[in-house]
Amino acid sequence: MTWIVRRGRALVVAVPTLWLALFFLIPFLVVLRVSFSEPAIARPPYTSLFDWDQGLLTITLNLGNYAYLLEDDLYVSAYLNSIWMASASTVICLLIAYPMALWIARSPMKNLLLMLVILPFWTSFLLRMYALIGLMSPTGFINSALGLVGLGPITMLQTDFAVYMGMVTGYLPLMILPLYSTLEKLDGALLEASHDLGARPWRAFLDVTLPLSMPGVIAGSLLVFIPSVGEYVIPALLGGPDQLMIGKTLWTEFFNNRDWPLASAVAIAMLAFLVVPIMFARNALGVKE
């Protein structure tokens, strides 16, 4: 019986492990290998790291791609701008999502409200961004409504405002759901006890609700921040032609400049940076090996 249980556990673990190896680890190793090569006019457009010379295998690693990322102000600015916009979008999502999640958790119609939160996932992400274009265009709904009261038109598309709107609209449900999951499990007796001890509602929120909901805050912030840093679709559709974010820069290096080694170095550096908030979250949540 014990042998069967062990085999069953091994099988359960093997399936996701195989999936991650095929669709994450192997592609990651390929990109890592390309990042240490040099661009070349060939197919594929980069040099090989391995060379056989008289039966001896030599490995040549090019670190110039990573050094170039620190030397060129374009990439430094793209990284910093991406971090800033992702952080601001995360904070905006948190400020909007927290009261919504708290209201849903305490509402008698929580199932209906949760369905409304999940409903945007039933439509294409790209379609939702095109809907925002229709809303914020010079002849769109918002400017048409403002024109009726003599307040338009307002330039919203191809600005940072449009990018923030796209990120908040696209990723807000990812902030609400983990917050709701945490807030819904809170013991109401703790709030009653704080009120019995004379705590005002805002004090009970700061001392009881907010600290106990921090796992949801951290999880939701990661779910919004990580994809926002490397976002490409939203800046490409809603931002201007000079919108500087690392996702657009990465796309330009791959498809316009055909510099795959440098583009791979950009991707690896971005991935290495994203490990920092993940490790911070593990420590904050007390995750143990």
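Bear in mind that the values in this text are calculations on the coordinates, not laboratory data. What you are looking at is a predicted structure, and each value in this text was computed from that prediction instead of being measured. Here the Cβ is made from the backbone with ideal geometry for all residues, glycine too, and neighbour counts use every protein chain on show.
For the reader, a short list of remarks on this structure follows.
- Residues considered: Ala204, Ala189, Ala101. Largest GNM mean-square fluctuation over the chain, using C-alpha springs under 10 Å, is found at Ala189.
- Computed over the chain with a Gaussian network model linking Cα atoms closer than 10 Å, the most mobile of Met115, Met100, Met167 is Met115.
- Taking a ≥ b ≥ c as the square roots of the Cα gyration tensor eigenvalues, the stretch 8-162 comes out oblate, since a/c reaches at least 1.5 and a/b does not exceed b/c.
- A dipole drawn for the chain from +1 and -1 charges on Cβ atoms has a positive end, and of Ala236, Asn283, Leu32 the residue lying farthest that way is Asn283.
- For Glu38 and Leu95, a Förster radius of 45 Å and the Cβ-Cβ distance give a FRET efficiency of 0.45, rounded to the nearest 0.05.
- Ascending count of other beta-carbon atoms within 10 Å, so fewest first, for Glu231, Glu71: Glu71, Glu231
- Springs between Cα atoms under 10 Å define the GNM used for the chain, and in it the highest mean-square fluctuation of Leu18, Leu157, Leu183 occurs at Leu18.
- Note that the stretch 133-139 has calculated 3J(HN,Hα) couplings of 4, x, 6, 9, 5, x, 10 Hz, one per residue in order, obtained from phi through the Karplus relation 6.51 cos²θ - 1.76 cosθ + 1.60 (θ = phi - 60°); glycine and proline are x.
- The fewest-to-most ranking of Val229, Val275 by surrounding Cβ atoms within 10 Å reads Val275, Val229.
- Each of Met115, Ala101, Gln158 was scored by the projection of its Cα onto the charge dipole of the stretch 72-258, and the greatest displacement toward the positive side belongs to Met115; charges sit on the C-beta of Lys, Arg, Asp and Glu.
- Cα gyration tensor, the stretch 197-257 - rounded (a/c under 1.5), prolate or oblate: prolate
- Förster radius 41 Å - calculated FRET efficiency between Ser107 and Leu25, Cβ distance, rounded to 0.05: 0.45
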